[in-house]
C-alpha cells in the first residue's frame, strides 16, 4: 500500500483529533527517523521530548524484549520486581519519598491534583479548595488537567470544568499572591512552560512561590512532564532552581517511548492517599517499569545530563546566530535542550518546508518553533539541523 492509501485509510478510521503531517514514519535509528518511502529525517522533536535516548537503543530494546518473555502485565493487587526497582531509582534521582506510576503525563497531573486536594481535605474535612495555575500553561487534555491549563482555546468547548481554579502569571509573584485565599490548597507550575511557548520560570519566582507555600501550607506541584529527565541541564528542572516541590509530575522521557508517567510525593504528602483514593489498571506494570528502570540506568551510564550541559551551549549559540541574522526572528528562549525560536510570523510553512528538507521540528504556539531533540545529539547534528532550518526559513519567509 502506498503513502496516499495509508493516509486515506487512517482518515477513514481514526477520530480527527489531530491535524497530522503527511508523513508515515516507519523506523528510527539514533537521532534519525525514516518514513515508509525510505526518506530520512533528522529528528529535533523526539516524539515531543520523549525519545531522550534516541531510537533503537540496543540496551533499552533488549531489556524490554527480556521482560516481554517473562511477564507483561499483572494488576496492582500484586507486587512486581520491575516496579520496585523503578520506584527505588526514581526516588533516588528526585529525592522524593513515594511514587505512583501512571500511563501518561495527563494522568500524572490528575493524580497530583487529587493528592493535593486529599491532603487539604485531611486537614479540615472540607473539599471546596482552590488551586492556582499559571496563564499560558499546558497540563493535559483530560477534564482535570484541562481545568488547570491556562489557555481558554483548549477549554471553551468543554466547560464547565472543575471549579476552584485560578490563574496567575509566570514570573510575577505578586499575581500569585493576589490569588491566594484561605481556600488555596495547591499551586501548579511548569518550571519551563512547554506547549505555551517555551517560557522558563525565574529562580526568584520559584523561590518566592515556594516560600508562600511553606508559609501557608499550600502544596507546590511541579509539572515536569516535558522539561524533566535531563532536558534542561539537570536531571529535573527544579534542581536548576534549588526549589523542591511537594508533588512532582513526570512522563515522556521517563519511559523513552512506552506509555508511562508518574507522580511523586515528598515526606509531607506521602501519607495523604490511602487504599481506595486512587488507582490504575496498567500503571506500574512490569513492562513499563522495566523501561523506566533501564532508562534511569542508561542516563547514568551514558552521562546524559553531563552531555546535555556540553552540547546545549553550542545549540544555543547557533540558534542565537539565527536570531541575529533574521529580523523576523524575535528571540531564542529556553533552557538546555528545550528551546523556542520566536518568530514575528506564523511558522507552519517553515515546519512543512523543514520536513521537505528532511528535518523534523515542531511548534509551541503559532509563532514559536520548538527544539526538543533527543538528548544524545552531537555538534554535527546541530550543524545539520541549522543548515536545514535556514533553508526552510529562506524558502518560506524570505521568498514571500
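The values are calculated or read from the model by the stated rules, or taken from the named source; none is laboratory data. Treat the numbers as computed from the prediction; the structure is a model and nothing was measured. As a convention, Cβ positions derive from the backbone with ideal geometry for all residues, glycine included, and neighbour counts pool all protein chains shown.
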Subject >> Residue among 233, 194, 261, 242 that alone is at positive phi, outside the structural domain of residue 342 (by TED's automatic domain parsing) and touching a residue at least 60 places away in the same chain (Cβ under 8 Å) >> reply: 233
**OP:** Look through 60, 78 and report the one residue that is at pLDDT 95 or above, assigned to a loop (DSSP other than H, G, I, E, B) and either surrounded by fewer than 16 Cβ atoms within 10 Å (Cβ to Cβ) or touching a helix residue (DSSP H, G or I) at 6+ places or on another chain (Cβ under 7 Å) (or both).
**Re:** 78
Subject >> Residue that is surrounded by 15 or more Cβ atoms within 10 Å (Cβ to Cβ) and in contact with a strand residue (DSSP E or B) (Cβ under 8 Å, 6 or more places away or on another chain), where the choices are 365, 340 >> reply: 340
**OP:** Quick one: count up the residues across segment 99-130 that are within 20 Å of residue 189 (Cα to Cα), part of a loop (DSSP other than H, G, I, E, B) and within 25 Å of the chain's Cα centre (by Cα).
**Re:** 1
Original post:
If you go through segment 244-257 one residue at a time, how many are in a loop (DSSP other than H, G, I, E, B) and under 15 Å from the mean Cα position of the chain (by Cα)?
Top reply: 3
**OP:** Those residues that are surrounded by fewer than 22 Cβ atoms within 10 Å (Cβ to Cβ) and touching a residue at least 60 places away in the same chain (Cβ under 8 Å), I need them from segment 352-362; list them, please.
**Re:** 352, 355, 358, 362
**OP:** Please note which strands (runs of 3 or more DSSP E) are completely contained in segment 154-243 and include at least 2 residues that are surrounded by fewer than 24 Cβ atoms within 10 Å (Cβ to Cβ) and in contact with a strand residue (DSSP E or B) (Cβ under 7 Å, 6 or more places away or on another chain).
**Re:** 165-168
Original post:
From 142, 147, 127, which residue is under 20 Å from residue 114 (Cβ atoms), surrounded by fewer than 18 Cβ atoms within 10 Å (Cβ to Cβ) and at pLDDT 95 or above?
Top reply: 142
Original post:
When the residues of segment 24-34 are filtered to those that are assigned to a strand (DSSP E or B) and in contact (Cβ under 8 Å) with a residue 24 or more places away in the chain, which remaining residue is farthest from residue 58 (Cα to Cα)?
Top reply: 33
Subject >> Filter pass, residue 42 being over 25 Å from residue 238 (Cα atoms), part of a loop (DSSP other than H, G, I, E, B) and either in contact with a helix residue (DSSP H, G or I) (Cβ under 7 Å, 6 or more places away or on another chain) or outside the structural domain of residue 312 (by TED's automatic domain parsing) (or both) >> reply: no
**OP:** Could you tell me which of the residues 21, 6 is modelled with pLDDT under 95, in a loop (DSSP other than H, G, I, E, B) and surrounded by 12 or more Cβ atoms within 10 Å (Cβ to Cβ)?
**Re:** 21
Original post:
Considering segment 271-289 alone, what residues qualify as being surrounded by 15 or more Cβ atoms within 10 Å (Cβ to Cβ) and either assigned to a loop (DSSP other than H, G, I, E, B) or not assigned by TED's automatic domain parsing to the domain that holds residue 257 (or both)?
Top reply: 272, 273, 278, 280, 282, 283, 284, 285
**OP:** Please specify each residue of segment 9-18 satisfying the condition of being surrounded by 10 or more Cβ atoms within 10 Å (Cβ to Cβ) and either in a loop (DSSP other than H, G, I, E, B) or within 23 Å of the chain's Cα centre (by Cα) (or both).
**Re:** 14
